[in-house]
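Below: the structure, in structure tokens.
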Amino acid sequence: MKFRLLVFCLAFVFIRISYAETPNDPAKRRSARIAGTYSYGFTVEEHHDPTISPITGGAQELGPSGSLYIYPETDSTVLFYFDISSGFPSYNVGTLYGRLLIKNNKGIYNYKLPGETGSCKLSFDFTKKHIVVKTVEGMTACSFGPNIIADNRYFRYNGAIPEYVKSGTDTIIFSTMSPENYNQSKKTTIP
């Protein structure tokens, strides 16, 4: 009888530990396996020779580029931040900070800005080496601005968990700044 009670107690403790709340250490969260910095295209800083004029050559080769930062918020959610550029000649820029629920290595992000007719809906498909992001058919291009879309294959070039990202003059510290608070401070209401 005591043996059965001991086995039951040990099984209960094991199950409890297995399904415990999200660990405080982001690296121990289940979503940490997909965390990191992803990108596509080239960045001006890495590939533009400032001695070459855009008129005479060099900068024309810089096409669209983008970075996608993934931070493990809980075992099943991540925070993400897009920083996208249209490239030469306009260099339009778009950014987006949000939260994504991950199920079976996939996620859907959906929001609607006040005063807009359409909704932004992005699908994320995670693999070990990249993330494929697509605008869901029939939805708008997420109000990034002229010639800016998130749709692309973002290749993982750094698997370290990003602690922060610089956004213009702001610094977003993932562990302390929620997307809701950041976007509210920017006078938008993105869920």
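Looking only at residues in the stretch 167-182 that are modelled with pLDDT under 90 and under 28 Å from Gly63 (Cα atoms), which one is nearest to the chain's Cα centre (by Cα)? Before the answer, list the steps.
Initially, the stretch 167-182 is screened for residues modelled with pLDDT under 90, giving 167-170, 180-182.
Next, from what is left, pick out any that are under 28 Å from Gly63 (Cα atoms): 167-170.
Details: Ser167: 13, Gly168: 17, Thr169: 19, Asp170: 17 Å.
Selected residue: Ser167.
Counting just the residues of the stretch 110-137 that are charged (D, E, K, R) and modelled with pLDDT under 95, which one comes out farthest from Leu100 (Cα to Cα)? Working first, answer last.
As a first pass, look at the stretch 110-137 and keep what is charged (D, E, K, R): 112, 116, 121, 125, 128-129, 134, 137.
Narrowing further to those that are modelled with pLDDT under 95: 112, 116, 121, 128-129, 134, 137.
On the way: Lys112: 15, Glu116: 22, Lys121: 11, Lys128: 17, Lys129: 19, Lys134: 14, Glu137: 19 Å.
Filtering the stretch 110-137 for residues that are charged (D, E, K, R) and modelled with pLDDT under 95, the one farthest from Leu100 (Cα to Cα) comes out as Glu116.
If a residue must be over 15 Å from Val165 (Cβ atoms) and at pLDDT 50 or above, how many such residues does the stretch 28-60 contain?
Of the residues in that region, 10 qualify.
Only one of these is surrounded by 13 or more Cβ atoms within 10 Å (Cβ to Cβ), within 22 Å of Ala27 (Cβ to Cβ) and out of contact with any Leu (no Cβ under 7 Å at 6 or more places or on another chain): Asn105, Asn147. Name it.
Working: Asn147 fails: within 22 Å of Ala27 (Cβ to Cβ).
After applying the criteria, what remains is Asn105.
Among the residues that make up the stretch 76-88, is at least one of them crowded, with 17+ Cβ neighbours inside 10 Å, of a type in the set (D, E, K, R), in contact with a Ser or Thr (Cβ under 7 Å, 6 or more places away or on another chain) and under 13 Å from Ala150 (Cα atoms)?
The answer is yes; a qualifying residue exists.
Of all residues being of a type in the set (Phe, Trp, Tyr) and in contact with a Leu (Cβ under 9 Å, 6 or more places away or on another chain) in the stretch 150-174, which is surrounded by the fewest Cβ atoms within 10 Å (Cβ to Cβ)? Just the residue, please.
Residues of the stretch 150-174 of a type in the set (Phe, Trp, Tyr): 154-155, 157, 164, 174.
Filter once more, keeping what is in contact with a Leu (Cβ under 9 Å, 6 or more places away or on another chain): 154, 174.
Details: Tyr154: 22, Phe174: 24.
Filtering the stretch 150-174 for residues that are of a type in the set (Phe, Trp, Tyr) and in contact with a Leu (Cβ under 9 Å, 6 or more places away or on another chain), the one surrounded by the fewest Cβ atoms within 10 Å (Cβ to Cβ) comes out as Tyr154.
Check whether at least one residue in the stretch 78-86 is in contact with a Lys or Arg (Cβ under 9 Å, 6 or more places away or on another chain), part of a loop (DSSP other than H, G, I, E, B), more than 18 Å from Thr37 (Cα to Cα) and among the polar types (S, T, N, Q), and report yes or no.
No, the stretch 78-86 has no match at all.
Would you be able to say whether some residue in the stretch 123-144 is within 12 Å of the chain's Cα centre (by Cα) and acidic (Asp, Glu)?
Scanning the stretch 123-144 turns up at least one residue that is within 12 Å of the chain's Cα centre (by Cα) and acidic (Asp, Glu).
How many residues does the stretch 87-100 hold that are in a strand (DSSP E or B) and touching a helix residue (DSSP H, G or I) at 6+ places or on another chain (Cβ under 8 Å)? Can you show your working first?
Taking the stretch 87-100 first, the residues in a strand (DSSP E or B) are 93-100.
Applying the additional criterion that residues be touching a helix residue (DSSP H, G or I) at 6+ places or on another chain (Cβ under 8 Å) yields 97-99.
Within the stretch 87-100, residues that are in a strand (DSSP E or B) and touching a helix residue (DSSP H, G or I) at 6+ places or on another chain (Cβ under 8 Å) number 3.
Can you find a residue in the stretch 101-117 that is closer than 15 Å to Tyr71 by Cα and either more than 13 Å from the chain's Cα centre (by Cα) or in a helix (DSSP H, G or I) (or both)?
There is at least one residue in the stretch 101-117 that is closer than 15 Å to Tyr71 by Cα and either more than 13 Å from the chain's Cα centre (by Cα) or in a helix (DSSP H, G or I) (or both).
The values are calculated or read from the model by the stated rules, or taken from the named source; none is laboratory data. Values in this document were obtained by computation on a predicted structure and should not be read as measured data. Cβ sites come from the backbone with ideal geometry, for glycine too, and all protein chains shown count toward neighbours.
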